[in-house]
Each structure stands twice: as structure tokens, then as C-alpha cells.
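Below is one structure, written out as C-alpha cells; the observations come after it.
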Amino acid sequence: MEFPIYLDNNATTPVDSEVLDAMLPYFKSKFGNAASKSHKYGWEASEAVELARKKVAKLIGAKPGEIIFTSGTTESINLSHKGSLESFQGKENHIITSKIEHSAVLDTCKYLSGYGVDVTYLDVDKFGFVNPDDVSEYIKDNTMLVSIMMANNEVGTIQPVGEIGNICGEKNILFHTDAAQAIGKIPVNVNELNVDLMSFSAHKIYGPKGIGALFIKNKSPEIKLTEQINGGGHEFGFRSGTLNVPAIVGFGKACEICEKKMYNEFDDLIIFRDRFINNILQKTEGASLNGHSTKRLPNNINICFNNIDSSVLMSEMKELAFSAGSACTSADLKPSHVLKAMGLSDADSRSSVRLGLGRFTTNEEVEFSINKIVNTVEKIRKLS
């Protein structure tokens, strides 16, 4: 085993060696600009981008022309939300989202509210589920966008996205889902889920950082988004800027690998996840699971160790690399907004940790980590 053992795969994943091998030629020998249409180097780059676009689309059941490459999920969310709102200029618009969304959604909605957009933040239950009936209840005549994440980045709760998508479809309201944590881990088909807009990134599925995508459904009437990055009209006019060809190639390869391995990995990760959870809860006094026991991502574990500060627990286990929650808020000392929305106290929120298993997690690492956590919690309790 190599230390520290990496257990933060919900924050990011290592690049798969097959992905890296696919990317390398596009840094040197095939270095062309995909927008250069007059010579071999540009043609090579453009062909590689379009092949990757097909691979990304295939993983989620989309058409290649429905995939827009961005720098990551955060940019995709900004393009989705700001772009759709700006296309409805002159109207008093309303958005529905939830209290447990990633900060990329919450901060974008906060920004839009400063420009007069009305935002409704839905409550969740103790497991972190959004009730589709609440979506129906809060829809107004001027509701133009509903944004509910597919799977939560902290507690792994998998939302009833299909039901919400059907509700929005019946009302002719745009439906966006943040699928950064879901794709590659669970089956995702944008048509079956009735999704209009979906954002996701490569670095959550063993691809490179700095590359993501926005799915924009090809429908009638056409979904109109105002470009947020101007300068050349790349990506079908939705997102200007020279394409990051090596990263796009890596993204495509990562999606291709996920399509082949996802179901086997799903089964393996659930075995590891449940063994981890069951052992911790059985052997550790004052431990409880945050989120649902089964309707969660196969790799996600979020546990509250009553009256033990998560920062203390992490400092006592240098052999393990894990987190107290979202990487985007890891420097924030405030309690998790996700856990608070689920009804946990500030104290219990600060006593919770998130562990994310991954493709390269081994049985030996799982056994070591379980024993290390159990023994460390017992040690801290005795000292306190």
C-alpha cells in the first residue's frame, strides 16, 4: 500500500493511465488548433475533438451535437443558468433549486437574484431527498428553470431526477441537473430522465481537470442560451475559446472506459462501501450514517462521529486522505449547508466526514482504513 491511502474520490480522481496515453500525442506531435481548417494539424485536432464528443455523448445517451465542451461543471452551470435567464430578458423570471446544491449552483442563483431573479430553495428530508411534489407546488407562471442535482457531492443521495424531469416537461419548463457526481458511476440517460440541460466534468471520472461539458437538448422550440464567453463563436456559438484538445481527448477516453467498466465497478464499489459503513457503525460508538443507506452513490460514505470534531479526526489519521465535505468549501469553517439542510445540528455537521472510494481502491486499503478509523475514534474518545 502507498500512504496516504486516497479516499477522496468525490473531490477528484486520478487520471487513468489509458486516458493519459490517449492525451499525450495531442501535446506534441498532434498539437494543432481544432479551429484551423486549412491544414493537416488542424484537421487532426478537429477530428479528435469530434470523436471525443461522440464518446461523451454516448455515455449519457445524447447526440454529439448536444455536447458543448467547457472548462468544467462550474462553467457549464454558469452557462446554463445565466445563459438561459439572459435569453428571457425583459421578463420577471423564477428559478427553483434545492438547499443542498453544490456552491456552483447556489452562488450562481445568488448572483442572479441580485438582478431581480426570484429563486426558491426547496427543503430536503433527513436523507437529503428533494420531494418532486414540492417542485410541482412551487412552480409559478414565470418559472423558467428548475435546477436539481442528480447526486449529492457530500452525502451521495441520488435524487428522483426522472420524476422531476417529467414534471418540468409537462409544464414546458427548462430542467437542469448537475450530474458531476453521477456520470460514470450510475447509468445516466438524458432522454429517459427528460433532462434539458446537464453539466458534468472529466476529473470526477478519471479524466483530466479543467475540462467539462454542458448537454443542451436538441428540442423544439430550440433551447436558447446567451454565450457567456465571447470571442470567436466556438462550440456552436455557445462558448468561445480555443479548444483544449488534449483534455477533450482525455475526457472522451474517460467516458469510453466508464461505459465499459461502470456496471462491474458499481458492484465492486457497493461491496466495499457497505462493508466500510457496516463495520464502522458496528464497531464505533456514537457513529451514524448521513444520507440514505442504499439510494446513494456506490462510492460515497458520509459518517457522523458524535462529539468528535472532524478536523481532529483527520489530523490523527495522516495515513488516510479524506475530507469533511465538498472540496470547494474545505477551507470554510462553517458547518456543511448540506448536512444542516438535512436537519443535523452544527455540532453533528462538524463531526461528519466524507470518504470516497474509487476505481483504484483495493481490498487491502479498505481493511486498513476501517481498522484505522475504528481505533482512532476509540483513542480520541478515551482521551476526551
**OP:** Mind giving me the nanometre distance, one decimal, between the label points for residue 282 and residue 107, set 7 Å out from Cα along Cα→Cβ?
**Re:** 4.2 nm
**OP:** Please turn the phi angles of the range 253-263 into ³J(HN,Hα) values with the Karplus equation 6.51 cos²θ - 1.76 cosθ + 1.60 (θ = phi - 60°), one per residue in order, whole Hz, x for glycine and proline.
**Re:** 5, 4, 5, 4, 5, 4, 4, 7, 9, 4, 5
Original post:
Amide H neighbours of residue 228 under 5 Å, counting only residues 5+ apart in sequence or on other chains, H built in-plane at 1.01 Å?
Top reply: none
Original post:
Which residue fluctuates the most in the chain, going by a Gaussian network model with Cα springs under 10 Å, if the choices are 64, 298, 208?
Top reply: 64
Original post:
Hey, how many Å between the Cα centroid of the range 275-290 and the Cα centroid of the range 1-67?
Top reply: 39 Å
Original post:
How do the peptides 372-382, 66-76 rank, highest first, by the average count of neighbouring beta carbon atoms within 10 Å per residue?
Top reply: 66-76, 372-382
**OP:** Provide the gained length on full extension for the span residue 261 to residue 381, in nm with one decimal, where the gain is 0.36 nm per separating residue minus the Cα-Cα distance.
**Re:** 39.1 nm
Original post:
Where a Cα-Cα gap under 24 Å defines reach, which lysines qualify for residue 224, not counting those fewer than 8 residues away within the same chain?
Top reply: 54, 58, 63, 82, 91, 110, 140, 171
**OP:** Report, in deg cm²/dmol and to the nearest 500, the calculated mean residue ellipticity at 222 nm for the chain, where each DSSP H run with n ≥ 4 adds -39500 (n - 2.57) and the sum is divided by the residue count.
**Re:** -12000 deg cm²/dmol
**OP:** Note down the net charge around residue 258, summing +1 for each Lys or Arg and -1 for each Asp or Glu among other residues with Cβ under 13 Å from its Cβ.
**Re:** +3
Subject >> Label-point gap, in nm, between residue 51 and residue 315 - each point 7 angstrom along Cα→Cβ >> reply: 5.1 nm
Subject >> Proximal lysines relative to residue 372, as straight alpha-carbon distance under 20 Å, when same-chain residues fewer than 8 apart are discounted >> reply: 283, 318, 382
**OP:** Tabulate in residue order the Karplus-calculated ³J(HN,Hα) for the range 232-246, using 6.51 cos²θ - 1.76 cosθ + 1.60 with θ = phi - 60°, rounded to whole Hz; enter x for Gly and Pro.
**Re:** x, x, 5, 6, 6, x, 8, 7, 7, x, 4, 5, 7, 4, x
Original post:
Which of 71, 81, 38 sits closest to the plus end of the dipole of the range 17-256, meaning its Cα is farthest towards the positive end, when Lys and Arg get +1 and Asp and Glu get -1 on the C-beta?
Top reply: 38
**OP:** Measure nothing but the geometry: give the 0 to 90° angle between the long axis through the Cα atoms of 73-86 and the longest principal axis through the Cα atoms of the chain, rounded to 10°.
**Re:** 50 degrees
Original post:
If amide H atoms are built 1.01 Å from N in the plane of the peptide, which residues on other chains or at least 5 residues away come under 5 Å of the amide H of residue 70?
Top reply: 212, 213, 214
**OP:** State, to one decimal in nm, how far the label point of residue 141 lies from the label point of residue 218, with both points 7 Å from Cα in the Cβ direction.
**Re:** 3.6 nm
**OP:** Mind putting a number on the dipole of the chain about its Cα centre? Charges go on the C-beta only, +1 for Lys and Arg and -1 for Asp and Glu, and I need it in Debye to the nearest 20.
**Re:** 620 debye
Original post:
So what's the gap between the Cα centers of the range 305-384 and the range 185-232, to the nearest angstrom?
Top reply: 32 Å
Original post:
How would you order 34-41, 92-99, 341-348 from highest to lowest mean count of nearby Cβ atoms within 10 Å?
Top reply: 92-99, 341-348, 34-41
**OP:** Please give the FRET efficiency for residue 345 paired with residue 230, using the beta carbon to beta carbon distance and R0 = 30 Å, rounded to the nearest 0.05.
**Re:** 0.05
Original post:
Karplus couplings for the range 203-218 from phi (6.51 cos²θ - 1.76 cosθ + 1.60, θ = phi - 60°), rounded to Hz, Gly and Pro as x?
Top reply: 6, 8, 10, 6, x, x, 7, x, 9, x, 8, 10, 7, 10, 5, 7
Original post:
So what is the orientation-averaged projected area of the range 156-298, using the convex hull of its C-alpha atoms, in nm²?
Top reply: 10.9 nm²
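Values quoted throughout were computed directly from the atomic coordinates according to the rules given, and no laboratory measurement underlies them. It should be emphasised that the depicted structure is a prediction, and the values quoted were computed from it without experimental measurement. Heads up, the Cβs are rebuilt from the backbone with ideal geometry, glycines too, and the neighbour counts pull from every protein chain shown.
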